Amino acid sequence: MNKQPSPENLHDAAPDPQAASEETPKTRKAKPAAARRTCIVVLGMHRSGTSALTRAISLLGADLPKNTLGANPTNETGHWEPVRLMELHDLMLAEAGSRWDDWRSFDPADLGTARLRFYKAEIARLIDEEYGTAPLFVLKEPRISRFVPLYADILKRMRLDACYVLIGRNPLAVIASLEKRDGFTCGFSALLWLRHELEAERATRGRPRVFVSYEAMLDDWRADIEKIAGTLRIEWPQPTAEMTHLSTDLQHHFASVDLLDADPRIADWVKGAYGALKALEKDPADAIAMEQLDTIRGAFDGASGVFGEAVFPEMDAREKAAAEQLAQQRHATDERAVELEASRLEAAAREAQLTQRLNDVLRLADERAADISRLTHQQETLRRLAEELAAEQHKRGVEIAAREADLVAQTDREAQRATDAETQVQCLTEELDAMKTAIFEIKSSYSWKVTYPARYLKYLLKASARRPDDA
């Protein structure tokens, strides 16, 4: 950030006196007149609707910076301000012993000639980089409200036509918003609002300017847009743009003039300044209102010089102590984090070992389970074979028993047959013996002997009859 910018980015922000003295009118060449470029500078206290107004102007055709501060929970639609200029402003304020929430007056000359020249050159360079050659662009950064003359000088040296839109908001609404976002007290926020409004109004006197309010813009934004265009003589490139972001749904804090006047916490300076600014909103040339603001500003400057020297060094010391304590806590936290990380790594190593052991046990269990499954399968096969063998044995036993029964029955039948045969043989033997006895008795009888010659003759005749005839 402290590097000196190149000459082409400086334009006329910080001319070299020596170079200017060496150049004579005879050596100068006439340059063609460049087209005029307009910068609309939006001024106002933080949380006063500057973002909503800037977005509206950009939708009408004015260019935004290339690098903007994005949306966040405290500003859902975006901030639309150049984040690099904001960071540079914080550096400049810190170098001069101030800060963004300082309600004391700020004089850039306190930086010294060299440093002031540096910041002018840096601001010019960043404006050039953020907006390029845009013919119409809008510049919004609430911190600028405290050093408008610095920017007026820079924009003039850059040959830019600067015009100013000052947007105001009821201080009670601003105070409520700052309390929610930053935790500021009512009195502190009121003084911060007062500083921004007084400085912006005083520095823009005699310059092209117009006053609007956040509340009125939400009620009828077209009227305020026409007011800006008519007062500043601006022709919007996109006059028919829609402003969906200008909705009362996004207005989280509302306060009326009556509530402000009745609030005992609010100093008369703040109430009087707000009334004078509302008068300037109706008539920018209201001399009484500007005189009232000057009176308030003089009293405020006198008091802030005294009380500010007591408040802000104390705040800085406390913040420094808090930062040191926070750093110690972070260091302790980092050490604890290292210890926890070491413990985590050790626990992770142990977990890895346990996991490996568990995997080994699971692997062995799987192997045992496979063995058991295999044995169970074998047992089931053997059981099935045993059942089949038992069934076969039972079948064979039944068949053998049947065969044995058949054999017993057959044996019984054969025995009966043998018995019957023996009985028959005995009967036949007896009959034969009887027949032999009878034959013997017949052959021994007288008649058998007497008839023998006749029987023999009969035999011979039968034998002769059975022999074939001789040829």
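The values are calculated or read from the model by the stated rules, or taken from the named source; none is laboratory data. Given the structure is predicted, the values throughout are model-derived calculations rather than measurements. All Cβ positions, even for glycine, are placed from backbone atoms using ideal geometry, and neighbour counts span all protein chains on display. Just so you know, the surface numbers come from the protein's heavy atoms only, side chains and all, with ligands and any DNA or RNA stripped out. Shrake-Rupley method; radii C 1.70, N 1.55, O 1.52, S 1.80 Å.
Listed here are the residues, each with its yes/no results for (1) more than 21 Å from Leu293 (Cα to Cα); (2) assigned to a helix (DSSP H, G or I); (3) open to solvent by 10 Å² or more (accessible area, probe 1.4 Å).
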position	(1), (2), (3)
Arg115	yes, yes, yes
Ile123	yes, yes, no
Ala162	yes, no, yes
Lys180	yes, yes, yes
Ala190	no, yes, no
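Among Leu218, Leu172, which is the only one that is over 18 Å from Arg146 (Cα atoms), buried (at least 23 other Cβ atoms within 10 Å of the Cβ) and at pLDDT below 95? The match here is Leu172. If you filter region 80-113 down to residues that are in contact with an Asp or Glu (Cβ under 8 Å, 6 or more places away or on another chain) and open to solvent by 50 Å² or more (accessible area, probe 1.4 Å), you find that the one that is farthest from Leu139 (Cα to Cα) is Ser105.
When region 180-215 is limited to residues that are more than 16 Å from Trp100 (Cβ to Cβ) and of a type in the set (Phe, Trp, Tyr), the one that is modelled with the highest pLDDT turns out to be Phe211.
Take the conditions (1) open to solvent by 60 Å² or more (accessible area, probe 1.4 Å); (2) at pLDDT below 85; Val338 misses just one of them, which is (2). The set of residues from region 160-178 being closer than 21 Å to Ala229 by Cα and not β-branched (Val, Ile, Thr) comprises Leu160, Asp161, Ala162, Cys163, Tyr164, Leu166, Gly168, Arg169. When Ala299 is tested against the conditions (1) within 30 Å of Val212 (Cα to Cα); (2) open to solvent by 50 Å² or more (accessible area, probe 1.4 Å), the lone failure is (2). Residues in region 125-148 that are polar (S, T, N, Q) and open to solvent by less than 10 Å² (accessible area, probe 1.4 Å): Ser145 only.
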